Amino acid sequence: MWRKRTNEELRELYKYLDIVADNKKETLEWIGHVVRINQGRTVKKIFESKLEGSRRRGTPRLRWLENVVKDMREMKL
């Protein structure tokens, strides 16, 4: 029979407490990799490019890099 497991059951099963922190750590590792790769690579070009035009009206959405910077501040890096 299938059932939803509680967070406590999952913590006991996988012996790891913070999946969110692990995800943030992997994101920081990825951005470190992107910063170090060659200028000619497509990922590097996209990372360093600036979008032209203007944003829509209203509260602007956070970009990926802004989220990474926020995570670094939270982790005190």
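Some notes on this structure:
- A straight Cα-to-Cα reach below 25 Å connects Lys4 with the lysines Lys15, residues fewer than 8 places away in its own chain not being considered.
- Farthest positive-ward along the chain dipole, Cα basis, beta-carbon charges - from Val69, Ile31, Val43: Val43
- Computed on the Cα atoms alone, the convex hull of segment 20-77 gives a volume of 101 cubic angstrom per residue.
- Set of segment 41-77 residues, backbone N closer than 13 Å to the point 7 Å along the Cα-Cβ line of Arg11: none
- Computed magnitude of the charge dipole of the chain (debye, nearest 20; Cβ of K, R +1, Cβ of D, E -1): 440
Values quoted throughout were computed directly from the atomic coordinates according to the rules given, and no laboratory measurement underlies them. Note that the structure is a prediction, hence the values are computed from the model and not measured. Counting neighbours? That spans all protein chains shown, and the Cβs are built from the backbone with ideal geometry, glycine included.
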